[in-house]
Structure formats: structure tokens, C-alpha cells
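> A single structure is presented below for examination.
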Amino acid sequence: MADIVAVAGVPHTPGFPTLARTDTAAGAELARRYAAVEEVVARADADVLVVLTCDHINTFTPDMWPTFAIATGDSVRGPNDDVPGVSPTSYALDGDIGTTLHRGLVGQDFDPVALRGHSVDHSVVVPLHFLNTRPLPVVPVYLNGMVAPRPSAERCRRLGRVLRNALEDLPGRRVAVVASGSFSLEVGGPRMLPDQLYGVPRPSWAGTVADRLYRGDLDGLVSETTERRIEEAGTVAGEVLPWIAAAEMAADLPLAHMDHREGEGHAFAAWGAG
Amino acid sequence: MGVHAIDRLCYDIAHDPETLERMRADPRRELVHRPLTAAERDELLRGDVAALYRRGAHPVLLVRLATFRVLGLDPALYAARIRTAEPRFSVPAPPGPA
């Protein structure tokens, strides 16, 4: 059986790669926050990285919108949207693991779209930019956190459990998992800040999510994560759903790092050897 | 079809360079070829993103009208206009104190 050796969670704001490179206190601090998570992932010595994320209607279209999808191909290009300072390039995928996980999901009554060829947006590229420095082959897994009706938090937790169990068919592999996204974030909606294209409508909810993850209270987090609460927390706040799946995949790992600051809509977290 | 056509237009602006070019050159002509109602075309041409949001257009798509600077919009103008709309929810609030 494969081992899940590390699980991480980070935001994927498109401007962060550029900000982290700037010679400013904010840039240096942001780089440190990602590096603290990367350190846990690197120490785990994984050989593949599973990225749990939500597409922002870039990879998929308004005409074809899956609840779940998984990459089963061997490479992918990205970003297919604007990530300042990160040029489009090709990323190696682990098609064998993607195919095994796809089979495991279908066998447990999940029906994800199997992607042989696709491109990825900033929700995959930004976490890879900061965390996949070696780099490892990747398996993107998509959960719909963006368009109602979303899958329930309980179903996303079960997806994480099924993915974890499906790894039993992969002896000897060392798997790291990364959840990508924010807990409270408004993009394009009326709760944007006056001078920005985003806002954080429910920082208190983001604090609650971080607290539940910190305390290992996944039951509590799942029961509180309703469709209404997600929508109140922002137009892309469904990105909490990949975090819930990832936290379930981290069931056998200790929390090594949790960095959430009051007022922010996101967190930087890692499970694994501290 | 209308709301979907608005969403599809916003998607194409971001992912199809030819659509973006046509929207910048002659948006009225581009919109005639899309399955929109007269009211939807009018709201698009006026850059009335609050009205488009109220119709159900997805905000993550709608905001691309601003980032790609079409229909007279830019990020500041988009923000000022969208902030006049009431937030939209797909499910009602649970009963009990707000």
C-alpha cells in the first residue's frame, strides 16, 4: 500500500508568486509562509503530489462542468489563465496513479470525469510554484467548489477517504497531498473591496475553519460547512471543500504546521513529520 | 439560454483571442451573433455588471469583462458597479436569528 507521507494546504492567489519575489517585507513574509509548508512536504520525501483543487471555470467551461474530475494523462500545460511571473509550461503528471485513483473512485460510487488531456489554471500552478520545487509528478483532482449545486462537505470528506483507500493498490509509493484554496474569498461579486477585485466577506468563518483543522475536529467542520455558509463566505469559498478532502486524507498524520492570521480568508497548513 | 450565453461570452473573452479582439473592435456586432435577449445585450453594452449579476451570471466569469477591459470596464469601475448589487445565494438562509 502507498503511504500518504504529507498533506498540505495553501492559498493560490495568482499575484502571490510575484509578491513573494519582491524585495519587500510583505514579499519576504509571504515567501516564508509558503516555505514553512514546503519544508514539511520536502521532508516527507514523496514521489508524487496529488493536488486537490477547484477549477475557476478555466479548465472546464460553462458548457461542461463536472462535480469531480481527475487527471489520468501524463502531462498538462498551465497556467491557462493569468499568473503574473509564471509563464505557461508543461507539468509532468503521474498517469498511473491518476488511473488507479480514478478506478478506485468509480468502484466506490464516485463518477469523476477522467481527464486524458487538459490544462490547469492558477489553482494548480500556484501551489506547484511554491511547493513542488523538486519537482514531482502531479495528479490534479478537481472538486466543484465554484458553481451551485456543490457536493456536500460530507461527500467531499468521503472522496478523501476513498482516495486514501485507493492508494492501497499502489504498493511502495510515497504520496504527498496538497489542498489548494481559501475559506472566505469573494471574486467578482458585490462584496469585493472598493479598490480591489476581491474581498474577504467572512474572516470569522475562515478562523473557524482553521480552528477546526487545528483541533482535528473534522466532524465539526463538515457539519458546519453548508452550501449557504460557503456562499456567505464568498464566491470562491467552496475552496474549503478540497481542504476537507485533504484533511480526511491526513487522518493518520499529525498536524505539523498551522498558520492562519485573524482577518485573512486563508491558511497555510501541513500534516506530516514536524 | 440568456444567463448561460453571458457566462459563455465571459469565458470566451478570457480563452479565445479572436472573441476578445472582436469584443474590443465592435462589441455590438459580436453580441448580435450570440443567443442573448435585447435586454441582456443592452446591459452588456452599458457594462451594467450589477444587472448581469442579478440575472444570475457567475461572478467569477463576469469579472473577466473588467480584467480584459472590454465594454468600457476596468477593475475600478467594475468594483464600483458590482458593489451596488445585493449578494446572491442559491439556497435560503436557515431559519432562526440572523
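> Name the residues in region B:59-85 that are closer than 15 Å to B:Tyr11 by Cα and either touching a Phe, Trp or Tyr at 6+ places or on another chain (Cβ under 9 Å) or among the basic types (Lys, Arg) (or both), would you?
Those that are closer than 15 Å to B:Tyr11 by Cα and either touching a Phe, Trp or Tyr at 6+ places or on another chain (Cβ under 9 Å) or among the basic types (Lys, Arg) (or both): B:Pro59, B:Leu61, B:Leu62, B:Val63, B:Arg64, B:Leu65, B:Ala66, B:Thr67, B:Arg69.
> Out of all the residues in region A:256-274, which are of a type outside the set (Asp, Glu) and in a loop (DSSP other than H, G, I, E, B)?
Within region A:256-274, A:His260, A:Arg261, A:Gly263, A:Gly265, A:His266, A:Ala267, A:Gly272, A:Ala273, A:Gly274 qualify.
> If you don't mind, another one. Please go through region B:19-29 and give me each residue that is buried (at least 19 other Cβ atoms within 10 Å of the Cβ) and without any contact (Cβ under 8 Å) to a residue 12 or more places away in the chain, ordered by number.
Once the filter is applied, which keeps residues that are buried (at least 19 other Cβ atoms within 10 Å of the Cβ) and without any contact (Cβ under 8 Å) to a residue 12 or more places away in the chain, region B:19-29 yields only B:Thr19.
Okay, residues lined up against (1) under 30 Å from B:Ala66 (Cα atoms); (2) of a type in the set (Ser, Thr, Tyr); (3) part of a strand (DSSP E or B):
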| position | (1), (2), (3) |
| --- | --- |
| A:Asp109 | no, no, no |
| A:Ser123 | yes, yes, no |
| A:Pro151 | yes, no, no |
| A:Leu163 | no, no, no |
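> Sticking with this structure for a sec: As an exercise: evaluate B:Pro35 against (1) surrounded by 14 or more Cβ atoms within 10 Å (Cβ to Cβ); (2) out of contact with any Asp or Glu (no Cβ under 9 Å at 6 or more places or on another chain); (3) outside any helix (DSSP H, G or I) and give the number of the one condition it does not meet.
(1)
> Hey, another quick one. How do the helices (runs of 4 or more DSSP H) wholly within region B:38-98 filter down when requiring 1 or more residues that are more than 9 Å from chain A (Cβ to nearest Cβ) and touching a Lys or Arg at 6+ places or on another chain (Cβ under 7 Å): which remain?
B:38-45
> Hey, A:Glu168 hits all of (1) touching a residue at least 40 places away in the same chain (Cβ under 8 Å); (2) more than 20 Å from the chain's Cα centre (by Cα); (3) assigned to a loop (DSSP other than H, G, I, E, B) but one; which does it fall short on?
Status for A:Glu168: all satisfied but (3).
> Somewhere in region B:2-10, is a residue touching a helix residue (DSSP H, G or I) at 6+ places or on another chain (Cβ under 9 Å), at negative phi and free of Cβ contacts under 8 Å to residues at least 12 places away in the same chain?
no
> So, one more: Residues being surrounded by fewer than 24 Cβ atoms within 10 Å (Cβ to Cβ), touching a residue at least 40 places away in the same chain (Cβ under 8 Å) and not aliphatic (A, V, I, L, M): count how many of those fall in region A:171-197.
Residues meeting the conditions: 5.
> Of a type in the set (S, T, N, Q) and within 14 Å of another protein chain (Cβ to nearest Cβ): is that true of A:Ser182 in this structure?
It is true that A:Ser182 is of a type in the set (S, T, N, Q) and within 14 Å of another protein chain (Cβ to nearest Cβ).
> Within the set of pairs 6 or more residues apart or between chains, which connect a residue that is within 14 Å of chain B (Cβ to nearest Cβ) and touching a residue at least 24 places away in the same chain (Cβ under 8 Å) inside region A:64-86 to a residue that is hydroxyl-bearing (Ser, Thr, Tyr) and part of a loop (DSSP other than H, G, I, E, B) with Cβ atoms less than 9 Å apart?
Every condition considered, the pairs that remain are A:Gly78/A:Thr59; A:Pro79/A:Ser87; A:Asn80/A:Thr59.
> Go through region A:252-274 and give me each residue that's out of contact with any helix residue (DSSP H, G or I) (no Cβ under 7 Å at 6 or more places or on another chain) and either within 14 Å of chain B (Cβ to nearest Cβ) or among the hydrophobic types (A, V, I, L, M, F, W, C) (or both).
Result: A:Leu253, A:Trp271.
> On to the next question. Please verify whether region A:172-189 includes one or more residues that are part of a loop (DSSP other than H, G, I, E, B) and among the aliphatic types (A, V, I, L, M).
For region A:172-189, residues part of a loop (DSSP other than H, G, I, E, B) and among the aliphatic types (A, V, I, L, M): present.
> Part of a helix (DSSP H, G or I), touching a helix residue (DSSP H, G or I) at 6+ places or on another chain (Cβ under 7 Å) and at pLDDT 95 or above: which single residue out of A:Gly98, A:Gly104 fits that description?
A:Gly104
> When A:Leu49 is evaluated against the numbered criteria (1) part of a strand (DSSP E or B); (2) surrounded by fewer than 18 Cβ atoms within 10 Å (Cβ to Cβ); (3) aliphatic (A, V, I, L, M), which criterion, by number, is the only one it fails?
Of everything listed in (1) part of a strand (DSSP E or B); (2) surrounded by fewer than 18 Cβ atoms within 10 Å (Cβ to Cβ); (3) aliphatic (A, V, I, L, M), A:Leu49 misses just condition (2).
> Restricting to region A:13-43, name every residue that is surrounded by 23 or more Cβ atoms within 10 Å (Cβ to Cβ) and not in a helix (DSSP H, G or I).
Selection gives nothing.
> Next up: Go through region B:1-32 and give me each residue that's modelled with pLDDT under 95 and not in a helix (DSSP H, G or I).
Listed by number, the list holds a single entry, B:Met1.
> Might you let me know whether region A:180-192 holds any residue that is closer than 20 Å to A:Pro112 by Cα, modelled with pLDDT of 95 or more and of a type in the set (A, V, I, L, M, F, W, C)?
no
The values are calculated or read from the model by the stated rules, or taken from the named source; none is laboratory data. Note that this is a predicted model, so its numbers are computed, not measured. Note that each Cβ is placed from the backbone with ideal geometry, even for glycine, and that neighbours are counted across all protein chains shown.
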